[in-house]
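Only one structure is covered here, and it is reproduced in the block below.
The values are calculated or read from the model by the stated rules, or taken from the named source; none is laboratory data. A quick note: this is a predicted structure, and the numbers were derived from the prediction, not measured. Counting neighbours? That spans all protein chains shown, and the Cβs are built from the backbone with ideal geometry, glycine included. Ligands, DNA and RNA are stripped out before the accessible areas are found, and what is left, the full protein with its side chains, is counted by its heavy atoms. Shrake-Rupley method; radii C 1.70, N 1.55, O 1.52, S 1.80 Å.
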Amino acid sequence: VTSKRQAEQQALEIRTRFNAYAENSEDCFWSKDIIDGSFRTRYVSPAFTKMWGYDPQSLYDDPTFWLQAIVPEDREQARKVFEQMAKAKASATTTYRIVDGRGREAWIEDRMLPRLDTEGNVVGIDGIARDITERVVLEQRLFHTQKLESLGVLAGGVAHDFNNLLTAILG
């Protein structure tokens, strides 16, 4: 009886810690089960509302809801990575853009891991989605700055060469 109570207490502590982490995390934890060949949402953390701007219930009601929020140009690639990862029984990471419930475009990095049963069959997928919009915007700004810097170096080189030609002509 004592060992059973200790196991129950330990399970409760683990659940409490997980819930506290999920409630306070910026990342969205999610889990889907595969039932009769289709995906069903098992769990989605509260960060989904902050990140996607929708109620998590929308995923429970329609497991493909997340695909509908993805920008059309990125949708097919995200779907393929999701399905191929389930077939390959290997983890995967994909990046895509969404239009959240507030109409804002955001970049999402989704890391996924298949959940296997005792025989090695994929019975579900667990993942963590992270909003990387700020990082992508900073990378784009850095790239733009580097392009402008290269253009400045090129213009400086052309001006120098032109000045050398003018000096020779004036001389």
* What is the Rg over Rh value, at two decimals, for the range 77-171, using alpha-carbon atoms and the Kirkwood definition of Rh? -> 1.41
* Given labels modelled 7 Å from the Cα in the Cβ direction, how far is it in nm from residue 132 to residue 38? -> 3.2
* Residue farthest toward the positive end of the dipole of the range 1-101, with Cβ of Lys/Arg at +1 and Asp/Glu at -1: which of 70, 38, 54? -> 38
* **Stretchable slack from residue 95 to residue 164, in nm (0.36 nm times residue separation minus alpha-carbon distance)** => 19.9 nm
* At residue 145 and residue 3, where each label point lies 7 Å from the Cα along Cα→Cβ, what is the point-to-point distance in nanometres? -> 6.1
* Asked: Which residues make up the longest stretch of the chain that has no GluC sites (Glu not before Pro) in a DSSP loop with at most 15 other Cβ atoms within 10 Å?
  -> 27-118
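Report in % the part of the accessible area of the chain that belongs to carbon and sulfur, leaving out ligands and nucleic acids; probe 1.4 Å.
Within the chain, the accessible surface is 56 percent carbon and sulfur.
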* Any idea what log10 I(q)/I(0) is at q = 0.12, 0.14, 0.28 Å⁻¹ for the range 44-113, Debye with uniform C-alpha scatterers and no solvent? -> -0.31, -0.42, -1.38
* Asked: Which value in deg cm²/dmol, rounded to the nearest 500, describes the helix-derived mean residue ellipticity at 222 nm for the chain, given -39,500 (n - 2.57) per DSSP H run of n ≥ 4 and division by the residue count?
  -> -18000 deg cm²/dmol
* Loop-resident sites, the range 89-141, for trypsin sites (Lys or Arg not before Pro), counting at most 10 other Cβ within 10 Å (DSSP) -> 102, 104
* Structure fact -> The aspartates and glutamates whose Cα lies under 17 Å from the Cα of residue 80, excluding any fewer than 8 residues away in the same chain, are 109, 110, 126
* To do: May I ask for the Rg/Rh ratio of the chain, computed from Cα atoms with Rh as the Kirkwood radius, given to two decimals?
  => 1.28
* **Stretchable slack from residue 111 to residue 12, in nm (0.36 nm times residue separation minus alpha-carbon distance)** => 32.9 nm
* To do: Provide the per residue accessible area, probe 1.4 Å, for the chain, rounded to a whole number of square angstrom.
  => 68
* Structure fact -> Per GNM of the chain with C-alpha springs under 10 angstrom, the most fluctuating residue out of 55, 74, 161 is 161
